[in-house]
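Input: a single structure, listed below in structure tokens.
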Amino acid sequence: MSVERLVGSVQTVPILPSTGRDPLGPSPAAGFAEPLGRLVGSVEATNQQANRAVAGMIDGTADVPDAMIALQRADLTLQLTVQVRNKLVQAYQEMMRMPV
């Protein structure tokens, strides 16, 4: 296989997602709030999926293993969010202890 053919088939993937703004621009707070909002949204979405799976299990339209997997996924997502919150609170407390 020729190098040109091999290189031509490689797709380039940007390292950072393109947001249309300068990554070193003046709004780091907006860049931080967006992923945090997505994390909270994913917790809510997995919780709703788990509720639907349990309701389906109760009325017989879904399997028990599917409901258990959905419940575990919701639990892990919530645990991740709590750990992220704990790290953020810990970082904030460390910053507040710094002398000015």
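What follows draws every value from the coordinates through simple rules; no lab data is involved. Note that the coordinates shown come from a computational prediction; the quantities given were computed from them, not determined experimentally. In this analysis, Cβ positions are derived from the backbone assuming ideal geometry, glycine residues included, and neighbour counts consider all displayed protein chains.
For the reader, a short list of remarks on this structure follows.
- FRET efficiency, 1/(1 + (r/R0)^6) with R0 35 Å, evaluated for Ala55 and Ala91 via beta carbons: 0.35
- Over region 28-97: Rg over Rh, Cα atoms, Kirkwood Rh: 1.18
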